[in-house]
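**Q** Let me begin by handing over the structure; questions about it come next.
Any read-out appearing in this document is the output of simple, stated calculations on the displayed coordinates, not a laboratory observation. Model, not experiment: these values are computed from the prediction. Neighbour counts are summed over all protein chains in view; Cβ atoms, including those assigned to glycine, are modelled from backbone coordinates with ideal geometry.
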Amino acid sequence: MTVFGGGTPQGEEAEAWAAARAAFARFDAADRILFSVPMWNSGVPYVLKQFVDVVTQPGWVFGVDPVTGYQHLLRGRGKGAAVIYTSAVWGPGLGPEFGADFQAPFFTGRLGWTGIDDVTEIRFHPTLPGDAGETGRIAAEAARDTAKTF
Ligand SMILES: Cc1cc2nc3c(=O)[nH]c(=O)nc-3n(C[C@H](O)[C@H](O)[C@H](O)COP(=O)(O)O)c2cc1C
């Protein structure tokens with residue numbers, strides 16, 4: 001928020017900012033990015049949420065204009081992402097008694113917001129009564145197909 005407010009981080013803040021910059025640089029160096037995202041308590045694992053919070057910084061991932069709003073700085077950079085979404089209980093088409101989905105809506109939403117709009121999803125949601133073997137075979141095939149052109 002120091003940088004967001006137009007300031008320059010000092011001392012410990014400067015060290016934290018440099019570490020965040022290094023994490024962003026590694027992310028930004030990749031043209032193709034693969035994310036493996038298990039559902040944790042309807043959302044994503046906290047380490048992934050932390051990664052989003054670290055790299056999503058003004059001037060790196062987004063710009064903001066008080067009148068026109070956000071700019072998405074990774075747009076048009078030729079970047080693509082593949083995301084593997086998995087869960088064990090929840091699955092598309094199941095009712096709320098099997099949980100809710102804040103996993104893909106959050107993460108695909110955040111990816112799109114960076115400006116990376118070439119995103120492929122691979123899904124493995126065996127569900128409790130489902131056939132994990134067959135569902136897994138279909139997911140692995142989808143992963144192989146995606147890899148051919150990724
Ligand atoms: C902390 C934690 C929370 C989880 N929460 C959910 C959940 O809310 N819904 C669900 O369907 N599966 C949930 N799971 C199951 C994982 O989504 C499942 O194990 C994962 O997708 C498969 O990856 P794995 O082989 O690495 O475990 C949870 C697992 C863990 C460890």
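**Q** Which angle between 0 and 90 degrees, to the nearest 10, do you get for helix 132-149 versus the longest principal axis of the chain when only C-alpha atoms count?
**A** Compared with the principal axis, the helix lies near 50 degrees.
**Q** Work through the residues other than Val61 whose Cβ is under 13 Å from its Cβ and net out their charges, Lys, Arg +1 and Asp, Glu -1.
**A** It works out to a net charge of +3.
**Q** Angle, helix 104-114 long axis vs. longest principal axis of the chain, Cα atoms, 0 to 90°, nearest 10?
**A** In the chain, helix 104-114 runs at an angle near 30 degrees to the longest axis.
**Q** Taking springs between alpha-carbon atoms closer than 10 angstrom, which of Asp65, Asp101, Asp131 fluctuates most in the Gaussian network model of the chain?
**A** Sorting by GNM fluctuation, first place goes to Asp65.
**Q** Determine the gain in length on full extension of the stretch Gln50-Ile33; use 0.36 nm per residue of separation and subtract their C-alpha separation, reporting nm with one decimal.
**A** So the chain would gain 4.4 nm between Gln50 and Ile33.
**Q** Quick one, can you get me the convex hull of the C-alpha atoms of the chain expressed as volume per residue in Å³?
**A** 133
**Q** Next up: Give me, ordered by chain and number, the residues 5 or more places off Ile122 or on other chains with an amide H under 5 Å from its own placed amide H.
**A** Under 5 Å from the amide H of Ile122 lie the amide H atoms of Val83, Ile84, Tyr85, each far enough along the sequence or on another chain.
**Q** Something else now. Where both residues lie in the chain, what percent of DSSP beta bridges are antiparallel, nearest 5?
**A** Taking every DSSP beta bridge with both residues in the chain, the antiparallel ones total about 25 percent.
**Q** Next question, about the same structure. Under 5 Å between amide H atoms, partner at least 5 residues away or on a different chain: which partners does Gly63 have, H built in plane at 1.01 Å?
**A** Distant-sequence amide H within range of Gly63: Gln71, His72, Leu73.
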